[in-house]
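S.K.: Take this structure, written in structure tokens, and hold onto it; I'll ask about it next.
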Amino acid sequence: MLAGKDLSMIDALTISLTGILMVFTELVLLAFAVVIISKVVGAFSKGKNSSKTTDNTTNSKSDAVPLPETQSRGEIDLIDVSQEDAAVIMAIVSNKSGIPLNRLVFNSIKLLEEE
Amino acid sequence: MNFVDVLRDTIANSGFAILTWQQGVMMIVSFILLYLAIVKKFEPLLLLPIAFGMLLANLPGTGIMADPAGIMDASQAIPGARWYDDGVLRLIYAGVKSSIFPCLIFLGVGAMTDFGPLIARPSSLLLGAAAQFGIFMAFMASLALGIFTPEQAAAIGIIGGADGPTAIFTASKLAPELLGPIAVAAYSYMALIPLIQPPIMRALTTEKEREVKMEQLREVSKAEKIIFPIVVTVLCTLMIPDVAALIGMLMLGNLFKESGVVERLSDTAQNALINIVTIMLGVTVGATAEGAIFLKVQTLAIVGLGLLAFAFATAGGVLLGKLMYYVTKGKVNPLIGSAGVSAVPMAARVSQVEGQKANPSNFLLMHAMGPNVAGVIGSAVAAGFFLLLFGS
């Protein structure tokens, strides 16, 4: 389009403004597309999950809706341990054992004082 | 012929006798870059082959980048020479000139990239766009200097995208004569991101803003991750067709990874293929930095403009991050904006480090990865825009 042509500073400014506008337009469009994809996929998986729940009435609620891999099952007793420390310990156990957190059950984490 | 004549002829034909001062300087530059890559570990994967290519090309009399067949430059053609008479690095350089190597690198980058954080927070794309501000500032500054053509200015501007393959892709099409300095500047500054960005980030944000802890990102489903690369390819290419090669290969690599049905292809793209191409691209790009071509005022200007581009790119991302901080009433930490300059994952790590300095319990890495990968798309779009305007 402009190959081999001389440009004034006004032209350069116009091109720059058009360029940054183009980049923003493109990425804003993508952002909208991502939102739409997420909504459509979310609606689909919701429909799937609800049909699974009605089909399989013998399963408990916790089995019908799978937990994300970053969330553990059940409840845990924390004895002298902060929630942050417990989260780190559980993540390490999951990582070292190669078992996702949603397949691990922690009963309690207790601080052992050094004598 | 006596011993002295033989000795004199040997010395006269050795590299020492024909070494020019430019070659000597470039050899010293290559030693410095080797030092930075090996000892300081500045982007060693690319800086090391680039530096060694630079060294090889500046050793006198090797003809390693000679082009007697005139494949790259018809003015160098010697009558009767065939393509295989060209120097070995000149032949490999065809992969850069034809844009094959940058595209294959993008394939590997795509196979290594997780777009999950970006899909979880689509507003990251805006930060990736804002950080392209540096590209257009450097473009205008290059033109203002009056020593570059508009095509060269556009190629220099792309340094601000902090994306090596995109910079090489654009330079090889718009300003092949500046490919060496542009590639060296782009990779050197990418390596120096941990030094360049923090002062700008701190200058543009308050302590309170830097302390902001962001909400955990939602989990992204596999279906979203599979659809994303297809949608990006279609949307970006429809808008700017010149971006098809870069974005197409980036997204193909990502689809290899996310689809989960072509494990072998994904593994090859993100390991063997990208490693092989990196060696060939690095060495041949370094070899374009021949003393007589490299040691010019233009090169010094490119080095300065590259720094300007990086600084404005960082500022653009941080300032939009600041705006998002106010709009969301303090839910967005502006430090993640600087990661919009691509340079994956170095720029995101800088956001993480700066965030933790302000608040030790702050974990910004995953939040910064969104703008970081958005920056890769943004810089490719900016490159496509310039190619659309200035490409022949």
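The values are calculated or read from the model by the stated rules, or taken from the named source; none is laboratory data. Quick caveat, the model's predicted, so the values are computed rather than measured. Note: ideal-geometry Cβ built from the backbone for every residue, glycine included; neighbour counts use all protein chains shown.
S.K.: Can you tell me which of B:A120, B:A111, B:A94 is closer than 30 Å to B:K257 by Cβ and within 14 Å of another protein chain (Cβ to nearest Cβ)?
M.R.: Result: B:A120 is the single residue among B:A120, B:A111, B:A94 that is closer than 30 Å to B:K257 by Cβ and within 14 Å of another protein chain (Cβ to nearest Cβ).
S.K.: Okay, next question. Give me the pairs, please: first residue somewhere in the stretch A:1-17 and more than 7 Å from chain B (Cβ to nearest Cβ), second residue anywhere and exposed (fewer than 12 other Cβ atoms within 10 Å of the Cβ) and part of a helix (DSSP H, G or I), beta-carbon distance under 9 Å, and either six or more positions apart or on two chains.
M.R.: Here the result reads none, with nothing in the stretch A:1-17 linked to a residue that is exposed (fewer than 12 other Cβ atoms within 10 Å of the Cβ) and part of a helix (DSSP H, G or I).
S.K.: Same structure, new question: Could you check how many residues of the stretch B:138-171 are hydrophobic (A, V, I, L, M, F, W, C), part of a helix (DSSP H, G or I) and within 12 Å of the chain's Cα centre (by Cα)?
M.R.: Adding up the residues that qualify gives 8.
S.K.: If you don't mind, another one. When the stretch B:11-23 is examined, which residues are found to be part of a helix (DSSP H, G or I) and surrounded by 13 or more Cβ atoms within 10 Å (Cβ to Cβ)?
M.R.: B:Q22, B:Q23
S.K.: Is it fair to say B:T206 is more than 27 Å from B:S99 (Cα to Cα), without any contact (Cβ under 8 Å) to a residue 12 or more places away in the chain and of a type in the set (S, T, Y)?
M.R.: It is true that B:T206 is more than 27 Å from B:S99 (Cα to Cα), without any contact (Cβ under 8 Å) to a residue 12 or more places away in the chain and of a type in the set (S, T, Y).
S.K.: Can you confirm whether the stretch B:77-95 contains a residue that is surrounded by 16 or more Cβ atoms within 10 Å (Cβ to Cβ), in a loop (DSSP other than H, G, I, E, B) and in contact with a Pro (Cβ under 8 Å, 6 or more places away or on another chain)?
M.R.: yes
S.K.: Output yes when any residue across the stretch B:206-213 is out of contact with any Phe, Trp or Tyr (no Cβ under 6 Å at 6 or more places or on another chain), of a type outside the set (K, R), within 14 Å of chain A (Cβ to nearest Cβ) and under 24 Å from B:F115 (Cα atoms), and no when none is.
M.R.: No - not one qualifying residue is present in the stretch B:206-213.
S.K.: Can you pull out every residue in the stretch B:127-180 that is at the interface with another protein chain (Cβ under 10 Å from one of its Cβ atoms), among the hydrophobic types (A, V, I, L, M, F, W, C) and surrounded by fewer than 24 Cβ atoms within 10 Å (Cβ to Cβ)?
M.R.: Within the stretch B:127-180, B:M137, B:M140, B:A141, B:A144 qualify.
S.K.: Report, ordered by the first and then the second residue, all pairs with beta carbons closer than 7 Å, sequence separation of six or more or different chains, a first member in the stretch B:45-64 that is farther than 19 Å from B:Y187 by Cα and of a type in the set (V, I, T), and a second member that is modelled with pLDDT under 90 and buried (at least 24 other Cβ atoms within 10 Å of the Cβ).
M.R.: Qualifying pairs under 7 Å: none.
S.K.: Continuing with this model, one more query. So, in the stretch B:371-392, of the ones that are within 7 Å of another protein chain (Cβ to nearest Cβ) and among the aromatic types (F, W, Y), which residue ends up farthest from B:L143 (Cα to Cα)?
M.R.: Residue satisfying both the conditions and the ranking: B:F385.
S.K.: Among helices (runs of 4 or more DSSP H) lying entirely in the stretch B:252-309, which contain 3 or more residues that are over 30 Å from B:A223 (Cβ atoms)?
M.R.: Result: B:274-287, B:291-294.
S.K.: Here's something else I'd like to know. For B:A343, only one of the following conditions fails: (1) under 20 Å from the mean Cα position of the chain (by Cα); (2) of a type in the set (G, A, S); (3) at negative phi. What is its number?
M.R.: Exception for B:A343: condition (3).
S.K.: May I ask you to list the residues in the stretch A:37-55 that are surrounded by 12 or more Cβ atoms within 10 Å (Cβ to Cβ) and more than 7 Å from chain B (Cβ to nearest Cβ)?
M.R.: Passing the criteria: A:V40, A:G42, A:F44, A:N49, A:S50, A:K52, A:T53.
S.K.: Surrounded by fewer than 14 Cβ atoms within 10 Å (Cβ to Cβ), at positive phi, within 11 Å of chain B (Cβ to nearest Cβ) and at pLDDT below 80: does that describe A:G74?
M.R.: No, not satisfied.
S.K.: In the stretch B:44-65, is there at least one residue being surrounded by fewer than 13 Cβ atoms within 10 Å (Cβ to Cβ), at pLDDT 90 or above and part of a loop (DSSP other than H, G, I, E, B)?
M.R.: Scanning the stretch B:44-65, I find no residue that is surrounded by fewer than 13 Cβ atoms within 10 Å (Cβ to Cβ), at pLDDT 90 or above and part of a loop (DSSP other than H, G, I, E, B), so the answer is no.
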